[in-house]
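Each remark here refers to the structure printed beneath this line.
The values are calculated or read from the model by the stated rules, or taken from the named source; none is laboratory data. Just so it is clear, the structure is predicted and the values come from calculations on it, not from any experiment. Positions of Cβ are backbone-derived with ideal geometry, glycine not excepted, and every protein chain shown enters the neighbour counts.
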Amino acid sequence: MTSSPSSALLPASGEDGYLTIHGLRHHYIRWGEREGDPVLLLHGLMNNARYWEHIAARFGPGYTIYAPDLRGHGETEHAPGGYLVWAFALDLRAFIEELDLEAVDLVAHSIGSRVAMAYARDHSHRIKHLVLADMGPQMADAGARGIRKSTGESRKTPGFATEAEALDHFAQIYAGQPRDFLLRQLAAALVLDDASGNLVFRFDPAIHQATGRAAIVEIPYLWESLEHITCPTLVIRAEKSKVLSPEIAQEMVRRLPHASFVEIPEAGHQVPLHQPEAFTAAVRDFLST
């Protein structure tokens, strides 16, 4: 049994919302007034909606930013039905329909990009612009090994013994951000494990299915899906990425009917964290076309 750390009681930036989708309680955050142009942000494996707070703040007025916790992540319930890309994509379809969003700009990072590809295959008519950040239908070998390793290690990690240790962790990830921002990240990403007394990461340990052997069958499906995506699509690659190789990115651009490409210098796979200004500028420039 787990409970949220005391930091969860702090006022949060953005407005929390909850929907029941396919029998699971889903959590999301909205930034901005409802009248703005809707932008939907999808996080990567083992992250959560709060991952995007520093990016949402950079969009400025005129946009309404929605960021869901994907199934098995954050405050969204764990999914007995599993974590293959088709399940995530069905959740996304229902999420957009429940919020009555006629058309959205869809920005996705890492595993979120695989979800976006599967959704966009049949729903390009509901996407104004699609951004796929540092993830393709398949991963470069080094990146695949790294993600599987980090997923496995995260399942065994004891977490953090104190809130101070956890804050130090997030301070390294979000360099220069104020304490209240770090506390919101902590509250979104961690829960207090009653058995150990430690703060542990808030995601389903079974989430490793998303990158396991069962997910291999998704690769040809996602490659073929690219050819059906008719909306304008931007492929973003981080210069130092071990996940999205130049060759895979090039093939994505070739297969997508309306593709653009940007490589962001001095960034690894977590490009929204490593280069938030450059990432947001690339996305906003693309959305304005």
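Name the pairs: first residue in segment 19-36 and within 14 Å of ALA87 (Cα to Cα), second residue surrounded by 12 or more Cβ atoms within 10 Å (Cβ to Cβ) and among the β-branched types (Val, Ile, Thr), Cβ to Cβ under 7 Å, at least 6 apart or on different chains? Here the result reads LEU24/THR76; HIS26/THR76, each pair linking segment 19-36 to a residue that is surrounded by 12 or more Cβ atoms within 10 Å (Cβ to Cβ) and among the β-branched types (Val, Ile, Thr).
Which one of ALA282, ALA267, ALA206 is part of a helix (DSSP H, G or I) and either surrounded by 20 or more Cβ atoms within 10 Å (Cβ to Cβ) or among the polar types (S, T, N, Q) (or both)?
Details: ALA267 fails: part of a helix (DSSP H, G or I); ALA206 fails: either surrounded by 20 or more Cβ atoms within 10 Å (Cβ to Cβ) or among the polar types (S, T, N, Q) (or both).
None of the others qualify; the one that does is ALA282.
Please verify whether segment 220-233 includes one or more residues that are closer than 30 Å to ALA281 by Cβ, within 21 Å of the chain's Cα centre (by Cα) and part of a strand (DSSP E or B). Within segment 220-233 (the criterion being closer than 30 Å to ALA281 by Cβ, within 21 Å of the chain's Cα centre (by Cα) and part of a strand (DSSP E or B)), the answer is yes, since at least one residue qualifies. Examine segment 100-113 for a residue that is of a type outside the set (Val, Ile, Thr), touching a residue at least 40 places away in the same chain (Cβ under 8 Å) and assigned to a helix (DSSP H, G or I), and state whether such a residue exists. Within segment 100-113, one or more residues are of a type outside the set (Val, Ile, Thr), touching a residue at least 40 places away in the same chain (Cβ under 8 Å) and assigned to a helix (DSSP H, G or I).
Yes or no, residue by residue, for (1) at pLDDT 95 or above; (2) of a type outside the set (S, T, N, Q); (3) surrounded by 24 or more Cβ atoms within 10 Å (Cβ to Cβ):
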position: SER13; (1), (2), (3): no, no, no
position: THR20; (1), (2), (3): yes, no, no
position: PRO38; (1), (2), (3): yes, yes, no
position: ARG50; (1), (2), (3): yes, yes, yes
position: PRO68; (1), (2), (3): yes, yes, yes
position: ASP91; (1), (2), (3): yes, yes, no
position: ALA94; (1), (2), (3): yes, yes, no
position: VAL107; (1), (2), (3): yes, yes, yes
position: ARG114; (1), (2), (3): yes, yes, yes
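Within the set ILE229, ILE236, the sole residue that is out of contact with any strand residue (DSSP E or B) (no Cβ under 6 Å at 6 or more places or on another chain), of a type outside the set (Ser, Thr, Tyr) and touching a residue at least 12 places away in the same chain (Cβ under 8 Å) turns out to be ILE229. Scanning segment 134-152 for residues that are in contact with a helix residue (DSSP H, G or I) (Cβ under 9 Å, 6 or more places away or on another chain), modelled with pLDDT of 95 or more and assigned to a strand (DSSP E or B) turns up nothing. In segment 31-41, the count of residues that are in a strand (DSSP E or B), in contact with a Leu (Cβ under 7 Å, 6 or more places away or on another chain), under 20 Å from LEU130 (Cα atoms) and not small (Gly, Ala, Ser) is one or more. Among the residues of segment 159-186, just one is in contact with a helix residue (DSSP H, G or I) (Cβ under 8 Å, 6 or more places away or on another chain) and hydroxyl-bearing (Ser, Thr, Tyr), namely TYR174.
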